[in-house]
Amino acid sequence: MSDIDALELTLNDWYILFADWKEQKFRANQICQWIYAKKTFNYHDMSNLSKDLRTRLSENVLMTLPILIRQQNSKDGTKKFLWQLNDGSRIESVLLNHGGHKTACISSQAGCPLGCIFCETGANGYRRNLTRGEILGQFLLMEKMNGDDINNIVFMGMGEPLLNEDAVFSSIRSLNDKNMRNLGARHITISTSGIVPGIEDLADFEIPIRLSVSLHASNDELRNKLMPINRTYSLQRLIDSLRRYRDRTGERITFEYALIDRVNDSAEYAYEIAALLDGLEPYINLIPFNAIPSHPELKRSEPSRVKDFCRALDELKIQFELRKEKGSDISAACGQLAGSL
Ligand code: SAH
Ligand code: SF4
């Protein structure tokens, strides 16, 4: 058995392999249809391929998938999946259901090296980047279990996707490719804590996916405390890179802001946000802060404070949405994913 693994192969890798095997190119497309569209992972079930090719594939190309360790179903329709990878690392993914529309929230790293204080993923340390196959495997298995197509994918699970650019970009190319999963660019979102070089690369990325930025604080002093990455990429540098991104792509950027009681929820901060993001036409997702075991002192904002914050944003004519929490009864909400490393 070789060490080639099906989900690690891009479409072009399949073409190269099949040229080497003296197989016709369209056979590679057929295999990618089986895997990415029909979620058929057993070569022997790929009925439009010859028996010889199926045997050759099963002898030469591994089909490694994450192993499902546990599935939890929330009262609100959210599902959380705990997977084990080849090296024993455990990661989580979440399937969200908004009125019939399904969104897969996918991990890009086992753990996260960035240690934001409000996030359980960061509190549990960092093991490694995921490969493109491990990223795609989460999505394809969830889609197979779901039965119907999943409409959206968001890189908002464990890890910082822009610290694992090669694998993340490669997986997105395959999700988007017409010969593979054929998922529209507008249905794919990367969320970043503010990795400036990654944002620059995203501005040049050929697929116009959506970008979401985890802001959570409107000045460096507070953001340095909440998100240590801010000491490397200050708000000024982050905002400059987002302006370039917006100029180059014309894309509107979404900002995530979790309201933490008496930490970042004073209405004054709404004014700072407006000044900071001036000219960017931001869209802000206000997320209810989800409690995490590693920092029990951090609490969700009181409703009256949320109201004041929203009123200030309204007055400033900043577009925002107050999100409802999803899946917190099974610790599947934003920032609660921990897996176990
Ligand atoms: N590392 C990337 C991708 C992870 S996305 C990023 O940080 O953007 C996870 C999202 O959940 C981010 O917007 C993050 O800021 C947010 N989050 C983390 N901990 C949270 C918590 N305890 N409550 C609410 N949102 C949280
Ligand atoms: Fe990492 Fe994002 Fe969690 Fe921060 S919020 S620790 S960057 S996963």
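The values are calculated or read from the model by the stated rules, or taken from the named source; none is laboratory data. From a predicted model like this one, the values you see are computed outputs, not experimental measurements. With ideal geometry, Cβ positions are generated from the backbone for all residues, glycine too; neighbour counts draw on all protein chains shown. When the accessible area is computed, the model is the full protein with side chains, heavy atoms only, and any ligands, DNA or RNA have been set aside. Shrake-Rupley method; radii C 1.70, N 1.55, O 1.52, S 1.80 Å.
Structure values in brief
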{"read-out": "Residue count, segment 321-341 (criterion: touching a residue at least 40 places away in the same chain (Cβ under 8 Å), on the phi < 0 side of the Ramachandran plot and either touching an Asp or Glu at 6+ places or on another chain (Cβ under 6 Å) or not in a helix (DSSP H, G or I) (or both))", "value": "9"}
{"read-out": "Selected residue (criterion: least open to solvent (accessible area, probe 1.4 Å)) from residues of segment 251-279 that are more than 16 Å from ligand 1 (Cβ to nearest atom) and under 23 Å from the mean Cα position of the chain (by Cα)", "value": "Glu251"}
{"read-out": "Subset of segment 203-229 [within 13 Å of ligand 1 (Cβ to nearest atom) and either open to solvent by less than 40 Å² (accessible area, probe 1.4 Å) or farther than 15 Å from Arg252 by Cα (or both)]", "value": "Leu211, Ser212, Val213, Ser214, Leu215, His216, Ala217, Arg223, Leu226, Met227, Pro228, Ile229"}
{"read-out": "Complete set of residues in segment 83-103 that are away from ligand 1 (no atom under 13 Å from the Cβ) and small (Gly, Ala, Ser)", "value": "Gly88, Ser89, Gly99, Gly100"}
{"read-out": "Yes/no for Ile106 being within 14 Å of ligand 1 (Cβ to nearest atom) and free of Cβ contacts under 8 Å to residues at least 40 places away in the same chain", "value": "no"}
{"read-out": "The one condition in (1) at pLDDT 95 or above; (2) more than 21 Å from Gly133 (Cα to Cα); (3) of a type in the set (Lys, Arg) that Arg27 fails to fulfil", "value": "(2)"}
{"read-out": "Subset of segment 78-111 that is on the phi > 0 side of the Ramachandran plot and more than 9 Å from ligand 2 (Cβ to nearest atom) - its residue that is least open to solvent (accessible area, probe 1.4 Å)", "value": "Gly88"}
{"read-out": "Near pairs, Cβ below 6 angstrom, 6+ apart or cross-chain, from segment 206-229 (in a helix (DSSP H, G or I)) to any residue that is of a type in the set (Val, Ile, Thr) and surrounded by fewer than 23 Cβ atoms within 10 Å (Cβ to Cβ)", "value": "Leu226/Ile117"}
{"read-out": "Some residue of segment 166-173 being closer than 27 Å to Phe309 by Cβ, surrounded by fewer than 22 Cβ atoms within 10 Å (Cβ to Cβ), touching a Leu at 6+ places or on another chain (Cβ under 8 Å) and not β-branched (Val, Ile, Thr)", "value": "no"}
{"read-out": "Of residues in segment 167-202 being over 12 Å from the mean Cα position of the chain (by Cα) and of a type in the set (Val, Ile, Thr), the one nearest to ligand 2 (Cβ to nearest atom)", "value": "Ile195"}
{"read-out": "Test: residue in segment 230-250 that is outside any helix (DSSP H, G or I), within 15 Å of ligand 1 (Cβ to nearest atom) and in contact with a Leu (Cβ under 9 Å, 6 or more places away or on another chain)", "value": "no"}
{"read-out": "Meets criteria (among the charged types (D, E, K, R) and either under 23 Å from Lys178 (Cα atoms) or under 22 Å from the mean Cα position of the chain (by Cα) (or both)) for Glu23", "value": "yes"}
{"read-out": "The one condition in (1) in contact (Cβ under 8 Å) with a residue 60 or more places away in the chain; (2) buried (at least 16 other Cβ atoms within 10 Å of the Cβ) that Ala37 fails to fulfil", "value": "(2)"}
{"read-out": "Yes/no for Arg127 being open to solvent by 30 Å² or more (accessible area, probe 1.4 Å) and over 15 Å from Ala167 (Cβ atoms)", "value": "no"}
{"read-out": "Pairs, first of a type in the set (Ser, Thr, Tyr) in segment 52-73, second assigned to a strand (DSSP E or B) and open to solvent by less than 70 Å² (accessible area, probe 1.4 Å), C-beta under 7 Å, six or more apart", "value": "Thr64/Asp5"}
{"read-out": "Residues within segment 151-166 that are part of a helix (DSSP H, G or I) and away from ligand 2 (no atom under 16 Å from the Cβ), tallied", "value": "1"}
{"read-out": "Residue that is closer than 18 Å to Thr192 by Cβ and open to solvent by 10 Å² or more (accessible area, probe 1.4 Å), where the choices are Tyr283, Tyr245", "value": "Tyr283"}
{"read-out": "Extreme residue, nearest to Gln84 (Cα to Cα), among residues of segment 112-133 that are more than 9 Å from ligand 2 (Cβ to nearest atom) and in a loop (DSSP other than H, G, I, E, B)", "value": "Leu130"}
{"read-out": "Filter result (among the aromatic types (Phe, Trp, Tyr), more than 20 Å from Lys324 (Cα to Cα) and either away from ligand 2 (no atom under 16 Å from the Cβ) or modelled with pLDDT under 95 (or both)) within segment 229-284", "value": "Tyr245, Tyr269, Tyr271"}
{"read-out": "Boolean, Asp148 is more than 14 Å from the chain's Cα centre (by Cα), of a type in the set (Asp, Glu) and at pLDDT below 95", "value": "yes"}
